[in-house]
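First comes the structure, then the notes that go with it.
The values are calculated or read from the model by the stated rules, or taken from the named source; none is laboratory data. Bear in mind that the values here come from a model prediction, so they are computed numbers and not experimental data. Reconstructed Cβ throughout: ideal geometry from the backbone, glycine too, with neighbour counts over all protein chains shown.
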Amino acid sequence: MIDVIIPAFNEQNAIGHVLDDIPDKVVRRVIVCDNNSSDRTSEIAKSKGAVVVKEPRPGYGYACLKCMDYIEKSHLPPPEIVVFLDADYSDYPEQMHELIAPIVKDGYDLVIGSRALGEREKGSMTPQQLFGNWLATKLIERIYGYHFTDLGPFRAIKYDKLLKMEMTDKTYGWTVEMQIKAAKMNLKCTEVPAHYKKRIGHSKVSGTVTGSIGAGWKILYTIYKYR
């Protein structure tokens, strides 16, 4: 059983496309966290059959933790795999089959959809994103001994391993915290090529100087925090 977690903030123009492209036969349920949106994100997500939870505190990590709390308190059996996916339609949800295959077929614990290994539409990632991902993954390899090529948000992980990580980051450090903890736990990790296109709408992180600086600082801080 697979559950999908999608943090969303003001993504009314994109969330419907994301949900339409998720393979129905693969996924049990999709949980969208409305992270204090002021538009129709929740309404559209519900109309597409997603479960919608609300988290008024802004932050990617806050939104992910709210969805995990929903799963934990649900009356349904826990999922075997959780997939994380962005709401801006920059990823290709139809690649979910490829993302989960290493877990289902080969017993991997964590699979990162690597934009560095996939095909990227021109302009889909800013220069600061490309440099930041390169630097962060090199530091992870140097400090923790695990090789990654990306901190991509499109990822799949065994649910029991995710719980053991005891994730805490509330904002920009969520993805790197997961990869660092996977390394420290000696989990079986791999990457698959993830194609990437220009997002719908304006990025709240890489699209602003303040967001880029804040994200970069938090990622570097998190890498050194868990040494």
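Only one residue in Thr126, Thr168, Thr137 is β-branched (Val, Ile, Thr) and under 15 Å from Thr190 (Cβ atoms), so which one is that? First the steps, then the outcome.
Values: Thr126 fails: under 15 Å from Thr190 (Cβ atoms); Thr168 fails: under 15 Å from Thr190 (Cβ atoms).
Only one candidate qualifies: Thr137.
Scan segment 82-141 residue by residue and report those that are in contact with a Ser or Thr (Cβ under 7 Å, 6 or more places away or on another chain), among the aliphatic types (A, V, I, L, M) and part of a loop (DSSP other than H, G, I, E, B). Even if it seems obvious, please write down each step before you answer.
In the first step, residues of segment 82-141 are kept if they are in contact with a Ser or Thr (Cβ under 7 Å, 6 or more places away or on another chain); the result is 90, 102, 108, 111, 114, 116-117, 124, 126, 128-129, 137.
From what is left, the residues that are among the aliphatic types (A, V, I, L, M) are 111, 116-117.
Selection gives Ala116, Leu117.
The rows are residues; the columns are (1) surrounded by 17 or more Cβ atoms within 10 Å (Cβ to Cβ); (2) of a type outside the set (S, T, N, Q); (3) in contact with a helix residue (DSSP H, G or I) (Cβ under 6 Å, 6 or more places away or on another chain).
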position: Gly123; (1), (2), (3): no, yes, no
position: Gly132; (1), (2), (3): yes, yes, yes
position: Gly145; (1), (2), (3): no, yes, no
position: Tyr159; (1), (2), (3): yes, yes, no
position: Glu166; (1), (2), (3): no, yes, no
position: Thr175; (1), (2), (3): yes, no, no
position: Val192; (1), (2), (3): yes, yes, yes
position: Ala215; (1), (2), (3): yes, yes, no
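Taking into account only those residues within segment 190-221 that are among the hydroxyl-bearing types (Ser, Thr, Tyr) and at pLDDT 90 or above, which is nearest to Leu110 (Cα to Cα)? Give the derivation first.
Just the residues of segment 190-221 that are among the hydroxyl-bearing types (Ser, Thr, Tyr), to begin with: 190, 196, 203, 206, 208, 210, 212, 221.
Applying the additional criterion that residues be at pLDDT 90 or above yields 190, 196.
Values: Thr190: 7, Tyr196: 20 Å.
Result: Thr190.
Picking from Lys48, Lys54, Lys73, which residue would you name as being surrounded by fewer than 20 Cβ atoms within 10 Å (Cβ to Cβ) and closer than 14 Å to Pro23 by Cα? Even if it seems obvious, please write down each step before you answer.
Numbers: Lys54 fails: closer than 14 Å to Pro23 by Cα; Lys73 fails: closer than 14 Å to Pro23 by Cα.
Going through Lys48, Lys54, Lys73 in turn, the sole match is Lys48.
Could you say which residue among Tyr172, Tyr159 is under 23 Å from Gln95 (Cβ atoms) and either in contact (Cβ under 8 Å) with a residue 24 or more places away in the chain or within 15 Å of the chain's Cα centre (by Cα) (or both)? Full working, then the answer.
On the way: Tyr172 fails: under 23 Å from Gln95 (Cβ atoms).
Residue meeting the stated conditions: Tyr159.
If I filter segment 19-43 down to residues being surrounded by 21 or more Cβ atoms within 10 Å (Cβ to Cβ) and assigned to a helix (DSSP H, G or I), which single residue comes out as farthest from the chain's Cα centre (by Cα)?
Within segment 19-43, the match that is farthest from the chain's Cα centre (by Cα) is Thr41.
Restricting the search to segment 70-96, which residues are within 16 Å of the chain's Cα centre (by Cα), at negative phi and of a type outside the set (A, V, I, L, M, F, W, C)?
Asp86, Asp88, Ser90, Asp91, Tyr92, Pro93, Glu94, Gln95
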